[in-house]
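So the structure is just underneath, and the comments pick up after that.
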Amino acid sequence: MAPHAELTIDGLLSEITMLAHISEAEPPVVTRVVFGEADLRARAYVKSLCAAAGLIVTEDAVGNTFARWQGAEPDLAPVATGSHIDAIPNAGSYDGVVGVLGGLEAIRVLQKLGFKPRRSIELVIFTAEEPTRFGIGCLGSRMMANVLTPQQALALRDKEGRTLEERRASAGFTGALDSAALPSGRFHQFIELHIEQGPLLEAEGIDLGLVTHIAAPASLRIHIEGEGGHAGAKLMPGRKDALAAAAELILALESAAKSTGAIDTVATAGVCEVFPSAVNSIPSRVRLETDIRDIDGARRDSVLDALRAACAEVAARRGVTIATDLVNADPPTACDPAILAALEEAAVTAGRSHKKMVSRAYHDSLFMARIVPVAMLFIPCRGGISHRPDEYASPEWIASGVRVLATTLAKLAS
Ligand code: HGY
Ligand code: MN
Ligand code: MN
């Protein structure tokens, strides 16, 4: 089953634009934090599109959403595809959305072609792929894979101190948390279509990326307690400036990532919260959130260890107190060779250039891999830009991803 070459995706493009306008910010800026007002409107919009396609829509206790195209043998485990629609502040229109609306489009294309799946095909919209609200990414897929247990989920709070329980209940999700964990065998195979969020495909003029491995993310939260005081009256000797200590740790993190000798090691401190944050007051308290990744778990952990060592050294030398808590340190994952082979065959049939590559961004596939064979299909994004309003994927790139996804889903569901 190979969709025709002139697959038109005008409807899909307008749905992507429509979804981009469902934002907490002014277009073209997309901000859609989980369980916020825009997230709920976006969920309603996407569910209406799924219902219009005749899919059976269900939601779990944390808002993971499943839209099923019933197959001829409904007892067989479905083939699934999907991604996320939540977006970090100041984001773009395509991260996650291409995998959700593109996955829906792949189903609609197969419906139009009169394809009848033997296995059901299920579109999955994962809750909270982004860490923005609760500080941990892939919350929904972690719970599906029981990587995040209900007990751990109960401890999650957002910046306003609201718990996951409060937030999900106000969003209308009240099921028992332990019902989110899926039994193994719930899905047969899973494919996620996503923009590359890097520059390689576009730079090399290649249409599609067949993702062989997904990098291992880790996040260490660092609390620094110094001594506040008057920025003018307190002399330099004996100061315990928490932000100066944080600055040393940020540079130590950067140098540890650079010195592994591997290009795949990356790290940054994406959040730095300063108290009291007054220009004429010595910072007494700082919270740093750090993000450390590598496709090699041990190498990534060596950077974590170097950062912890730097915390101990800076605390001793500067007389500040430094406490750390590990938010997550997940293993990398390898994608399933059989699904990759099916994707490659579909790319060849479609006459699309393609290359094997790793994903440096993490995705829900990283956690779905714990309960089902997975693979990811990348399309290029302009300049490799992502997590910015100028994120862009061309209609040609999107159409080629949808086409190859549709062909592969048809093969796996036959
Ligand atoms: O941060 C990531 O890798 C993903 O985009 N949330
Ligand atoms: Mn993202
Ligand atoms: Mn994403």
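Quick grid of which residues meet (1) within 16 Å of ligand 3 (Cβ to nearest atom); (2) touching a strand residue (DSSP E or B) at 6+ places or on another chain (Cβ under 6 Å); (3) within 27 Å of S394 (Cα to Cα):
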residue	(1), (2), (3)
S83	yes, yes, yes
I88	yes, no, yes
G102	yes, yes, yes
F126	yes, yes, yes
L154	no, no, no
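Please determine, by comparing only the residues of segment 358-387 that are within 13 Å of ligand 3 (Cβ to nearest atom) and assigned to a loop (DSSP other than H, G, I, E, B), which one is surrounded by the most Cβ atoms within 10 Å (Cβ to Cβ).
If we take residues in segment 358-387 being within 13 Å of ligand 3 (Cβ to nearest atom) and assigned to a loop (DSSP other than H, G, I, E, B), then D364 is surrounded by the most Cβ atoms within 10 Å (Cβ to Cβ).
Got a sec? Which of L139, L123, L101, L156 is over 28 Å from P27 (Cα atoms) and touching a helix residue (DSSP H, G or I) at 6+ places or on another chain (Cβ under 8 Å)? Give the derivation first.
Numbers: L139 fails: over 28 Å from P27 (Cα atoms); L123 fails: over 28 Å from P27 (Cα atoms); L101 fails: over 28 Å from P27 (Cα atoms).
Exactly one residue qualifies, and that residue is L156.
Would you check which residues across segment 286-306 are part of a strand (DSSP E or B), buried (at least 20 other Cβ atoms within 10 Å of the Cβ) and of a type outside the set (D, E) and list them?
V286, L288, T290, I292, R293
Any residue at all in segment 57-77 that is hydroxyl-bearing (S, T, Y) and either touching a Pro at 6+ places or on another chain (Cβ under 6 Å) or under 16 Å from T17 (Cα atoms) (or both)? Break it down into steps so the answer makes sense when it comes.
Of all residues in segment 57-77, those hydroxyl-bearing (S, T, Y) come to 58, 65.
Filter once more, keeping what is either touching a Pro at 6+ places or on another chain (Cβ under 6 Å) or under 16 Å from T17 (Cα atoms) (or both): none.
Scanning segment 57-77 turns up no residue that is hydroxyl-bearing (S, T, Y) and either touching a Pro at 6+ places or on another chain (Cβ under 6 Å) or under 16 Å from T17 (Cα atoms) (or both).
F190: touching a helix residue (DSSP H, G or I) at 6+ places or on another chain (Cβ under 8 Å), in the same structural domain as T408 (by TED's automatic domain parsing) and in a strand (DSSP E or B), yes or no?
yes
Any residue in segment 392-409 that is part of a helix (DSSP H, G or I), surrounded by fewer than 18 Cβ atoms within 10 Å (Cβ to Cβ) and either charged (D, E, K, R) or within 16 Å of ligand 2 (Cβ to nearest atom) (or both)?
yes
One residue is enough: does segment 29-48 have a residue meeting the conditions touching a helix residue (DSSP H, G or I) at 6+ places or on another chain (Cβ under 7 Å), touching a residue at least 40 places away in the same chain (Cβ under 8 Å), closer than 19 Å to A406 by Cα and assigned to a loop (DSSP other than H, G, I, E, B)?
No.
Hey, D158 hits all of (1) in contact with a strand residue (DSSP E or B) (Cβ under 9 Å, 6 or more places away or on another chain); (2) more than 13 Å from ligand 1 (Cβ to nearest atom); (3) not polar (S, T, N, Q) but one; which does it fall short on?
(1)
Checking R168 against (1) out of contact with any strand residue (DSSP E or B) (no Cβ under 8 Å at 6 or more places or on another chain); (2) under 26 Å from I339 (Cα atoms); (3) not in a loop (DSSP other than H, G, I, E, B); (4) not aliphatic (A, V, I, L, M), only one condition comes out false. Which one?
(2)
The values are calculated or read from the model by the stated rules, or taken from the named source; none is laboratory data. The model shown is predicted, which means the values in this text are computed figures rather than measured ones. Note that we place each Cβ from the backbone using ideal geometry, even for glycine, and neighbour counts take in every protein chain shown.
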